[in-house]
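Structure first, then comments.
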Amino acid sequence: MDGHQGLTAMIESAWEELNGSDAGRRDLCLDVISDVLETARLTPGDAERAVEHLVAVALSDEGHPVRESALHAVLTASTHYELPYRVVEPLAVGADAFESVLLDYVLGVLGSTHDQAVLPVVERFLQHPHPEVRREAAEAVNEVRRSRRETAEGGTAQ
């Protein structure tokens, strides 16, 4: 088994255990997935599939620690892979349902896509009652706009 196969096997094993575990164990399974994503050694397709699953967990799990771990893993992936908006769009659609502490993750992920489609969602949070959420929303807006300027100027977005 090569390194890539080993990493995908670790993720598959974590998904299997995630489905039948208690909340504490599910949290640890998500940490394993986050660690694998942090290696940046998955193919873009494998990373996108993992993120799609993580987004589903973040939107559907009832436990706050599990949802936070799933969002942390998505944010980790967004720093190592160029995630297209379509992969994280369910987070934009469900953004209003997240607690303030979780919105920081959601807004960071949305901004990392550099996709103009996130702006209407992210800009709504510029008026949020919590200063941390407003700050993260402003950073996400700036990241998308900076990316647009760099692209227009012929540079590459970072």
Next item on the list: Report the net charge of residues surrounding VAL121, where surrounding means a beta-carbon distance below 11 angstrom and charges are Lys +1, Arg +1, Asp -1, Glu -1.
Entry: -3
Check: Kirkwood Rh over Cα pairs of region 1-128 into Stokes-Einstein at 25 °C, 0.890 mPa s: D in µm²/s?
Finding: 167
Note to self: Under 5 Å between amide hydrogens, which residues at least 5 positions from GLY63 or on another chain qualify, with H placed 1.01 Å from N in the peptide plane?
What the structure shows: none
Margin query: Could you work out [θ]222 nm for the chain from helices alone, using -39500 (n - 2.57) per DSSP H run of at least four and dividing by all its residues? Round to the nearest 500 deg cm²/dmol.
Written below: -24000 deg cm²/dmol
Checklist line | Average accessible area per residue (Å²) across the chain - probe 1.4 Å, nucleic acids and ligands excluded | finding: 51
Next item on the list: Sticking with the crude label model, points 7 Å out along Cα→Cβ, report the distance from ARG135 to ALA23 in nm, one decimal please.
Entry: 2.7
Check: Over the heavy atoms of SER60, what accessible area does a 1.4 Å probe trace out, to the nearest 10 Å²?
Finding: 90
Margin query: Using a 1.4 Å probe on the protein heavy atoms, what percent of the accessible area of the chain belongs to carbon and sulfur?
Written below: 50
Item checked: Dipole axis of the chain (+1 Lys, Arg; -1 Asp, Glu on Cβ), positive-most option in MET10, ALA92, ALA23 -> ALA92
Checklist line | Local electrostatic count at LEU83 - Lys and Arg +1, Asp and Glu -1, tallied over other residues with Cβ under 11 Å | finding: -4
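The values are calculated or read from the model by the stated rules, or taken from the named source; none is laboratory data. Since this is a predicted model, take the numbers as computed values, not measurements. For neighbour counting, all protein chains shown are included, and Cβ atoms are generated from backbone atoms with ideal geometry for every residue, glycine included. The protein model used for the area step is the full one, side chains on, heavy atoms only, and it has no ligands, DNA or RNA in it. Shrake-Rupley method; radii C 1.70, N 1.55, O 1.52, S 1.80 Å.
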